[in-house]
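Below is one structure, written out as structure tokens, with a few remarks after it.
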Amino acid sequence: MNFKNVIIVYTDGACSGNPGPGGYAWIIQNNGKEYEFVDIAENTTNNRMELSAVASSLNFIITKAQELKFKGKPKVEINTDSKYIIDAIEKGWLNSWAKNNWIKKDKEPVKNPDLWVDIYNSLQKVNAKFDWVEGHKGNERNERCDTLARLASLGKIEPHLYENDIKNESSIEDGIQVSQSNLFKFVYNKDKSVEIFQNSNSIIINKDNFADFIKQFADTIIKLNS
């Protein structure tokens, strides 16, 4: 990581049942590298998963900074579709909760205090900017985090941490800049299916559709070489 540059973070969390089994995901981009992380929880809530994604991503960045003996505070831009988190940061709730021993103005204890404490402590070690991203509006990395979190909450993908080079090629077509990614990810699921990701798109290959997939793939190769 190059801590002189801004570290871009995308996060999302999901829960099947709320409460129920959950999953969360984050993607970190910095200096030509992309890190993708997914984890799960057995019995949780959607808000806990959203918070876990932010807390985990910040801990990852801080650990990397310590390993590289970076002096100073990393600059971090966190993109989330959680108004719960955005409001707590931008409206000053988080600082107020910390000063009041994690008790709200209505004298009720803050929910998920363990995660809020973790985030609060991490924010003392970075220069962070939070941006709200409206869900399902075509933001590529946000959509991918959403997909990964939902699949994790359903038990369809395993927890993982991937590190990849960002390989984007830009071209101009009819005056419009087009960005093409050569990056494919293969996620091997518990049900023995394989999910192939490119950007925010994915397909699932299993024993029921494998033969058809191979046939279509072979036909495509023939057309490309004809």
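The values are calculated or read from the model by the stated rules, or taken from the named source; none is laboratory data. Since we're looking at a predicted model, the values are computed, not measured. FYI the Cβ positions are ideal-geometry reconstructions off the backbone, even for glycines, and counts take in every protein chain you see.
Quick check on Ser82: is it surrounded by 15 or more Cβ atoms within 10 Å (Cβ to Cβ) and under 28 Å from Gly17 (Cβ atoms)? So that I can check it myself, show each step before the final result.
Numbers: surrounded by 15 or more Cβ atoms within 10 Å (Cβ to Cβ): yes; under 28 Å from Gly17 (Cβ atoms): yes.
It is true that Ser82 is surrounded by 15 or more Cβ atoms within 10 Å (Cβ to Cβ) and under 28 Å from Gly17 (Cβ atoms).
Annotation: of all residues in region 55-74 being under 17 Å from Lys33 (Cα atoms) and surrounded by 15 or more Cβ atoms within 10 Å (Cβ to Cβ), the one that is nearest to the chain's Cα centre (by Cα) is Ser57. The lone criterion from (1) of a type outside the set (D, E, K, R); (2) assigned by TED's automatic domain parsing to the domain that holds Glu134; (3) free of Cβ contacts under 8 Å to residues at least 40 places away in the same chain left unmet by Val76 is number (3). Among the residues making up region 1-46, those that are outside any strand (DSSP E or B), touching a strand residue (DSSP E or B) at 6+ places or on another chain (Cβ under 8 Å) and over 18 Å from Pro74 (Cβ atoms) are Ser16, Pro19, Thr45, Asn46.
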